[in-house]
Every structure is written in C-alpha cells, then in structure tokens.
Amino acid sequence: MKAGWSKVEIGKIAELRGRIGWKGLTAKEYTDRGPLFLSVHSLNYGDYVDYRDAFHISLQRYDESPEIKIRPDDILICKDGAGIGKAGIVGQVPAPTTINSSLLLIRPGECVVPKYLYFCLTSPYFQEIVQSRLEGATTPHLYQRDITTFPIPLPPLEEQQRIVAILDETFEGLERARANAEANSHNARELFDNSLIRLFEEIEVKAARLTLAQASTSFGRGRSRHRPRNAPFLYGGIYPFVQTGDIRNSDGTVLEFSQTYSEHGLAQSKLWPAGTICITIAANIAETAVLGFDACFPDSIVGMVADPKVTFPEYVEYMLRYFAAELKALGKGSAQDNINLATFENATFPFPSIENQRQAVETLTQLSRDTAFLFQAYQAKLKDIAHIRQSLLQKAFAGELT
C-alpha cells in the first residue's frame with residue numbers, strides 16, 4: 001500500500017441502496033411518460049449512465065422508494081443477470097429517475113471523489129473481487145451486504161482528484177482512438193462491398209443471363225426427405241453436416257462444421273461435393289459460402305454444383321453476395337422470412353465468359369484479402385485499447401499512476 005493510502009470498506013465511505021424486490025411492480029405498469037426507470041441497459045454506453053433505453057413508471061411508483069431516486073454523481077452497479085459487475089456514474093439527471101431491482105445505487109460520501117470511486121469499481125482490482133464472489137454460485141448475484149464490505153484503496157482527496165484527472169484525459173484519447181479504429185473497420189468492409197457492387201454493375205450490362213439451375217450440374221435442397229428431422233439417430237456419424245450458422249460464420253468458404261450425420265442421416269439427405277455453393281433460404285436469407293469438403297446440409301440450404309463449362313464456385317458466391325439484397329426482399333411478407341427453390345426458377349443472373357469471371361474473382365479475392373488484413377489490424381487495435389484502459393486502472397489503484 002502506498003504511503004498515505006488506506007484500505008476502506010465501501011460501506012464506510014458511501015451509502016448503498018437498492019430496490020427492495022419489485023414491490024409488485026411489473027412491466028404491465030410501464031407508462032408512456034413519467035419518471036424514468038433504469039435497468040442495466042443504461043450502463044452499456046460508456047462511463048456515464050445513459051437514458052435512451054429507460055422505461056417510464058407512474059409518479060406514485062417513483063415516490064414509494066425515495067432512497068433510490070438518483071442524483072448527479074451517484075454510481076449504479078448491476079448486481080444480477082448477464083451484466084453483473086457493470087457500472088456507470090450519473091451525470092446530469094434529465095427527469096425524476098429511479099432504478100429497477102437489478103441495479104444497486106452507491107452514493108459517495110465526502111471523503112471520496114465520485115469519479116474516483118466509479119473508476120475503482122470498473123478496475124480489474126474490483127472486478128476480480130466480483131468474480132471471486134460469483135464462482136460456484138448457482139444463480140449469479142452480488143449481494144448488497146457483500147458489496148458494502150468490499151475494500152477499496154483510498155488515497156487523500158487531492159490524490160484522488162489527480163488520478164481522476166489523469167484517467168479522464170487518457171481515456172478521452174483512448175476513446176478517440178477506439179472510435180477511429182471502429183470507423184476504419186467499417187470503412188474496410190465498406191470498401192470491399194462498394195467494389196463488389198461496381199464490378200457487378202459493369203458485368204450486368206454485357207453478360208448473358210442464366211438461371212442457377214442452367215449454370216449447374218446439380219441444384220436443389222440439401223435434404224431429400226423431411227422426416228424425421230431431428231431424431232438423435234440421424235447424427236453423430238462420419239459425414240459432416242453443415243448448418244446455416246456454419247454458412248453465416250464462414251466468410252465465403254466453409255472450412256468447419258458443428259455437427260455430423262450418421263448413415264441414417266445420409267440416407268435421408270445427400271453428400272454434396274466440395275466446391276458446392278450453399279445458399280441459405282430460411283432465417284438468414286441469401287447467405288452464401290462454398291463447401292471446403294464433402295458435406296450434407298438441411299433443407300434450409302440450397303446447393304449448387306457449378307457446371308465447369310459455364311462458371312465456377314467462387315464467381316457464383318461473389319455474384320450471389322451482390323444479389324443478396326434482392327433475394328432477401330423476395331422472402332419478405334411471410335410469417336417467417338424465407339425463400340424456396342421456386343424463387344430461383346425464373347430468376348436469372350449474369351454469367352460472362354469464364355475468363356472474365358476468373359478476372360473478376362482474382363480482383364475481388366485480392367481485395368478481400370487486403371480488406372481482411374485491414375479489418376484484423378483495426379480489431380487488434382481495439383483489443384489493445386481495451387487492454388491499455390484496464391492496465392491504467394490497475395496501476396491507478398495500486399498507487400503506480402504517474
């Protein structure tokens with residue numbers, strides 16, 4: 001412990017207040033206007049409590065719990081559910097505001113700077129204490145009585161203010177860097193999408209048009225029979241069984257699978273060859289990828305084996321990305337968005353010469369690699385920024401921040 005610092009339980013330097021149960025309050029009582037009613041969603045947008053996801057309750061319900069009417073500089077921490085341990089500090093209060101039972105209100109006393117206490121509660125030091133209390137718990141929950149006894153390092157007020165000033169300035173810079181990295185990640189993706197659009201707009205003008213069936217040697221749903229669909233004996237064998245989620249996460253080529261079919265599963269399906277273009281037709285419509293291995297797939301996926309005299313898989317996959325918005329639009333209007341084989345019966349697509357297709361694929365593949373490299377670099381930068389923030393918080397509450 002640094003000279004002049006002490007370790008103090010939170011309950012001795014702050015008031016802790018929580019909603020006692022729901023007092024019978026249910027979602028049916030939410031109103032269109034009136035006092036704001038905060039949940040953990042208000043802690044999702046940065047250091048300060050955000051009000052965009054707040055519900056409203058009646059003035060009577062607001063007044064029944066005066067101890068949790070929030071004020072500026074209050075700190076809110078989530079003590080239940082998926083967001084457990086999240087915290088936010090209250091800035092301006094735009095209207096009378098209270099909290100639901102998943103949040104705990106911490107009101108700092110005169111001996112602690114509110115922002116200092118907030119930073120402490122979001123630091124690795126405090127979060128490690130939180131995790132230690134949750135390990136082995138059947139239902140994750142932070143009890144108010146436990147938080148009251150959590151010890152925090154407490155320097156003199158002047159030192160607290162210095163730490164807050166340094167962290168505020170540094171985190172402002174990190175936030176600018178994070179926003180730039182996120183914008184650049186988006187721009188990298190957008191660069192590829194725009195290039196794809198421009199290239200296929202040019203191809204559409206000149207190329208002959210065919211249906212997918214006309215450009216294939218095999219075209220149809222993944223499963224030949226529909227029943228039994230989910231029987232256990234269909235699974236667990238040696239045949240890869242690709243599902244819509246595998247297509248969604250493939251980035252153009254399916255290289256992994258999450259399930260396998262048995263001989264029984266194969267008997268009611270079909271083993272599609274590597275190189276088959278997969279097109280999802282339900283739930284997530286018009287997502288596409290090329291199989292990297294022989295596999296079965298369900299009837300929520302259409303398979304196309306390209307006719308080598310007409311086209312090849314990589315071209316078709318890129319082309320269908322270009323037409324994805326049109327295909328999705330065709331699936332609107334039903335209870336659950338979907339398209340089917342009939343959607344493709346009359347739909348035609350541009351197929352230029354094999355050589356022109358090959359040139360298009362080479363251009364897009366190189367751009368895709370460059371885009372992926374940039375995207376990964378920006379994602380790594382985002383991780384570095386998050387690590388720097390946590391490292392600074394760790395140093396701050398160990399007395400090592402200079």
(message) Counting only protein heavy atoms and a 1.4 Å probe, tell me what percentage of the chain's accessible area is made up of carbon and sulfur.
(response) 51
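Using DSSP to call loops (not H, G, I, E or B), can you name the GluC sites (Glu not before Pro) in the stretch 73-141 whose Cβ has at most 13 other Cβ atoms within 10 angstrom?
Numbers: sites: 110, 128, 135; in loops: 110, 135.
When the GluC sites (Glu not before Pro) of the stretch 73-141 are filtered for loop state and at most 13 Cβ neighbours within 10 Å, 110, 135 remain.
Please give me the summed charge of the neighbours of residue 147: other residues whose Cβ is under 15 Å from its Cβ, Lys and Arg +1, Asp and Glu -1. Spell out each step's value before the answer.
Details: positive: 12, 17, 19, 79, 86, 107, 133, 145; negative: 9, 15, 74, 80, 128, 146.
With Lys, Arg at +1 and Asp, Glu at -1, the net is +2.
Give me the accessible area per residue for the stretch 107-214, probe 1.4 Å, as a whole number in Å².
Values: 5840 Å² over 108 residues.
Result: 54 Å² per residue.
Counting helices only, and only those DSSP H runs with n ≥ 4, report the 222 nm mean residue ellipticity of the chain as the sum of -39,500 (n - 2.57) divided by its residues, in deg cm²/dmol to the nearest 500.
On the way: 10 runs with 151 residues, N = 402.
Estimated from H runs of four or more residues: -12500 deg cm²/dmol.
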(request) Show which lysines lie in cross-link reach of residue 309 when reach means a straight Cα distance below 22 angstrom and same-chain residues fewer than eight apart are skipped. (result) 206
(message) Run the reach check for residue 381 against aspartates and glutamates, Cα to Cα strictly under 18 Å, same-chain hits fewer than 8 apart removed. What comes back?
(response) 172, 175, 182, 370
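Let me make sure I get this right: for the stretch 233-277, a, b and c are the square roots of the gyration tensor eigenvalues over alpha carbons, sorted descending. Under 1.5 in a/c it's rounded, otherwise prolate if a/b > b/c, else oblate. Which is it?
On the way: a/c = 2.61, a/b = 1.73, b/c = 1.51.
Since a/c reaches 1.5 and a/b is larger than b/c, the shape of the stretch 233-277 is classed as prolate.
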(request) Report Rg(Cα)/(2.2 N^0.38 Å) for the chain, keeping two decimals. (result) 1.33
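For the stretch 133-254, what does the alpha-carbon gyration tensor say about shape, rounded, prolate or oblate, given a ≥ b ≥ c as the root eigenvalues, a/c under 1.5 as rounded, and a/b over b/c as prolate?
Oblate is the answer for the stretch 133-254, as a/c is 1.5 or above yet b/c matches or exceeds a/b.
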(message) If you filter the stretch 187-293 for trypsin sites (Lys or Arg not before Pro), then keep DSSP loop positions with at most 10 other Cβ within 10 Å, what is left?
(response) 225
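Find the accessible area per residue for the stretch 218-328; the probe is 1.4 Å, ligands and nucleic acids are left out, and the unit is Å². Show your work: numbers first, answer last.
Numbers: 4770 Å² over 111 residues.
On a per-residue basis, 43 Å².
Scanning the chain for helices, which whole DSSP H stretches are 27 Å or more long along the axis (Cα) and average -1.0 or more by Kyte-Doolittle? Please list the in-between numbers first.
On the way: long enough: 157-206 (74 Å, -0.54); 354-396 (62 Å, -0.43).
Passing helices, by number: 157-206, 354-396.
May I ask you to derive the relative contact order of the chain, considering only C-alpha pairs under 8 Å and at least 6 residues apart, and to give it as an integer percent?
Working: 682 pairs, mean separation 65.2, N = 402.
It rounds to 16 percent for the chain.
Just tell me the longest site-free run in the chain, where the sites are chymotrypsin sites (Phe, Trp or Tyr not before Pro) in a DSSP loop having at most 13 other beta-carbon atoms within 10 Å.
Values: sites that count: 22, 45, 143.
The reported range is 144-402.
By its C-alpha gyration tensor, with a ≥ b ≥ c as the square roots of the eigenvalues, how is the stretch 74-132 shaped: rounded for a/c under 1.5, else prolate for a/b larger than b/c, else oblate? Numbers along the way, then the final one.
On the way: a/c = 2.33, a/b = 1.17, b/c = 1.98.
Oblate is the answer for the stretch 74-132, as a/c is 1.5 or above yet b/c matches or exceeds a/b.
Restricting to the chain, what percent of DSSP beta bridges are antiparallel, rounded to 5? Spell out each step's value before the answer.
Numbers: 40 of 47 bridges.
Approximately 85 percent, going by the DSSP bridge assignments.
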(request) May I ask which of 2/69; 2/115; 7/383; 12/86 have a Cα-Cα span longer than 28 Å here? (result) 2/69; 7/383
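The values are calculated or read from the model by the stated rules, or taken from the named source; none is laboratory data. This is a predicted model, so every value here is computed, not measured. Please note: Cβ atoms are built from the backbone with ideal geometry, for glycine as well, and neighbour counts cover all protein chains shown. What goes into the accessible areas is simple: the full protein's heavy atoms, side chains included, and nothing from ligands, DNA or RNA. Shrake-Rupley method; radii C 1.70, N 1.55, O 1.52, S 1.80 Å.
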